[in-house]
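Colleague: The structure follows.
The values are calculated or read from the model by the stated rules, or taken from the named source; none is laboratory data. Note that the structure is predicted; figures quoted are calculated from it, not measured. Quick reminder, even Gly has a Cβ in these numbers, built from the backbone with ideal geometry, and neighbours come from all protein chains shown.
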Amino acid sequence: MLTKILTTTTLLAALLATPVASQTRSGRIEGSLSFPSNYIPALKVCAKNIRNNSLSCIQTKQNQKQYKIEVQPGTYHVYATVTIAGQKDTAYYSRAVTCGLRYGCNDHRPIAVTVRAGQVAKGINPQDWYDK
């Protein structure tokens, strides 16, 4: 009887622990990079957690066209930064990007990207270099 109770208790504990473990798994944000030039400079690409302002960043190489950032579950604003001749410039993944960055795409507000454990948020392209 004691063995049966211990086995049941152990099984129940394992089942209850599973959701907690899955909540701490990371997710990923990935997308394409661009720059209004004939090349893409090395960029710092970051995902800023909207709730606690924590940053997850990667450094890219010159002409790198894709990126991937591992993040904890949460909601993020994603941006790329570059410093050229002492001037820092930033491009967000914004509504203008999803509009195609065409004439008339004037909404430059960043888009909140939600990532869940084990999920990959694809097509998150921080390319709005035109919000000035």
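Colleague: For residues that are charged (D, E, K, R) and assigned to a loop (DSSP other than H, G, I, E, B), scanning just region 28-82, find the one that is nearest to Lys122 (Cα to Cα).
Modeller: Lys65
Colleague: Look at Thr83 and say whether it is at pLDDT 95 or above and among the β-branched types (Val, Ile, Thr).
Modeller: Numbers: at pLDDT 95 or above: no; among the β-branched types (Val, Ile, Thr): yes.
Here the answer is no, as Thr83 does not meet what is asked.
Colleague: Continuing with this model, one more query. Residues in region 83-124 that are more than 14 Å from Pro36 (Cα to Cα), in a loop (DSSP other than H, G, I, E, B) and in contact (Cβ under 8 Å) with a residue 12 or more places away in the chain: how many?
Modeller: Residues flagged as more than 14 Å from Pro36 (Cα to Cα), in a loop (DSSP other than H, G, I, E, B) and in contact (Cβ under 8 Å) with a residue 12 or more places away in the chain within region 83-124 amount to 13.
Per-residue answers, yes or no, for (1) touching a His at 6+ places or on another chain (Cβ under 7 Å); (2) of a type in the set (Gly, Ala, Ser); (3) over 16 Å from Gly27 (Cβ atoms):
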residue: Ala96; (1), (2), (3): yes, yes, yes
residue: Cys99; (1), (2), (3): no, no, yes
residue: Tyr103; (1), (2), (3): no, no, yes
residue: Arg109; (1), (2), (3): no, no, yes
residue: Ala112; (1), (2), (3): yes, yes, no
residue: Asn125; (1), (2), (3): no, no, yes
residue: Asp128; (1), (2), (3): yes, no, yes
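Colleague: Here are some residues: Tyr103, Tyr67. Which one is among the aromatic types (Phe, Trp, Tyr) and more than 21 Å from Asp131 (Cα to Cα)?
Modeller: It is Tyr67.
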